[in-house]
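Just so you know, all these numbers are worked out from the coordinates, no wet-lab data involved. Just so it is clear, the model here is predicted, and its values are computed rather than measured. Cβ placement follows ideal geometry from the backbone for every residue including glycine, while neighbour counts extend to all protein chains displayed.
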Amino acid sequence: MVDKVDALWVRWGAELMRLRSLSGRTQTDVGKSALLSKSTVSSFERGTRLPKRHHAEALDTALSTGGSLTRLWQELKQQREVPEWFRDSLLMERKATEIKEYHSILVPGLLQTAEYARVLISARQVGASKEHIDHTVKVRTERLPTLLVNRPTLWFVVDEIVLTRVVGDEQVMRGQLEHIVSLADNGTIRFQVIPGDVRRHCGLCAPFREMVTSAGQAVVRMEHTFGGTNFGEPDKVRQMQGLFGALQAEALSPIRSIDLVRKIMGNLL
């Protein structure tokens, strides 16, 4: 019987093999140091067995890698725990030096607090266990801190209804708006609001985001009920970049936008 290879974890196994080979050590030797059998180390390297975090930490110690296997383990675990349709988007997101996003009805996922996200996820996934909801909330809210390591440009444009529609209750909504203000005040994000009295603007469409990497690769992601679709064709990317620029022109300036957020917060008693 041929062992089944896990395509995602082959990458981790290949890195383990590379580091072990560089050290000049055998699978048996490394296994002894990490309190693992030779067959276990071999199955990790071939991607036929999924390592746990303590395995990664033990092998990092055995090979003196400075935690690189544990960091890769965490990255791959996060990829495995999100829906298949979102994995490529997450990888692009982590490589991006620039992310620009428009949303017409909800606070963008990257900016959501745990409480705000929990309300949305619970409403959408009726009947889901508390453990599943907790996990989904955790995955969503951990995305932004992960991105900030690379200090990307993050620019968001939303319609005013995003701020005035109460999601959950006033306390949840106030906490969400305070989070946005904090991120804007400390320079983490640029945030603009299209006022509600702008009744005909070019953003009356599905949410979308632009992502650009340091290598200049650009992708546009259009969101929909069942996930999202990525577009990399230059003409489509240019079209959506133009649309985002037009939305910025319709919106209040970042300073006036945050003033509006504070004003709306004051009404949430």
With unit charges on the beta carbon (Lys/Arg positive, Asp/Glu negative), name the residue among GLY232, GLN112, HIS201 whose Cα is farthest towards the positive pole of the charge dipole of the chain.
GLY232
Determine the gain in length on full extension of the stretch ALA206-ASP235; use 0.36 nm per residue of separation and subtract their C-alpha separation, reporting nm with one decimal.
8.6 nm
Potential extension, THR213-SER64 segment - 0.36 nm per residue separation minus Cα distance:
50.5 nm
Over the chain, with a Gaussian network built from C-alpha contacts below 10 Å, which listed residue (THR26, THR213, THR141) shows the highest mean-square fluctuation?
THR26
Can you give me the distance in nm between label points at VAL149 and SER182, each placed 7 Å from the Cα along the Cα-to-Cβ direction?
2.2
In straight Cα distance, which aspartates and glutamates are under 19 Å from LYS236, not counting same-chain residues fewer than 8 positions off?
ASP88, GLU93, GLU98, GLU101, GLU210, GLU223
Where the eigenvalues come from the Cα gyration tensor of the stretch 116-269, what are the semi-axes √(5λ) of the equivalent ellipsoid, largest first, in whole Å?
25, 22, 17
Order of SER43, SER89 from fewest to most other C-beta atoms within 10 Å?
SER43, SER89
Which trypsin sites (Lys or Arg not before Pro) does the stretch 173-269 hold that lie in a coil by DSSP with at most 10 other beta carbons within 10 Å?
ARG199, ARG200
Using only the alpha-carbon atoms of the stretch 101-144 as identical scatterers, what base-10 log of I(q)/I(0) does the Debye formula give at q = 0.17, 0.20, 0.24, 0.25 Å⁻¹?
-0.45, -0.60, -0.82, -0.87
What number, rounded to the nearest 500 deg cm²/dmol, is the helix-based mean residue ellipticity at 222 nm of the chain, given -39500 (n - 2.57) per DSSP H run of at least four residues and division by all its residues?
-16000 deg cm²/dmol
Springs between alpha-carbon pairs under 10 angstrom, Gaussian network model over the chain: which of GLU131, GLU250, GLU210 fluctuates most?
GLU131
Of all C-alpha pairs within the chain, those more than 22 angstrom apart amount in percent to 64
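Quick one: length gained pulling GLU57 to LYS4 fully straight, 0.36 nm per residue minus the C-alpha distance?
Stretched fully, the GLU57-LYS4 segment lengthens by 16.7 nm.
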Given LYS95/LYS138; LYS100/LYS138; LYS4/LYS95; LYS4/LYS38; LYS38/LYS77; LYS4/LYS130, the pairs whose alpha carbons are separated by over 26 Å
LYS4/LYS95; LYS4/LYS130
Equivalent-ellipsoid semi-axes of the stretch 10-78, from the Cα gyration tensor, Å, largest first
16, 13, 11
With a 10 Å Cβ neighbour count serving as the proxy for reagent exposure, in which order, fewest first, do LEU59, LEU90 appear?
LEU90, LEU59
Which residue, GLY168, GLY228, GLY24, tops the fluctuation ranking in a GNM of the chain built on C-alpha contacts under 10 Å?
GLY24
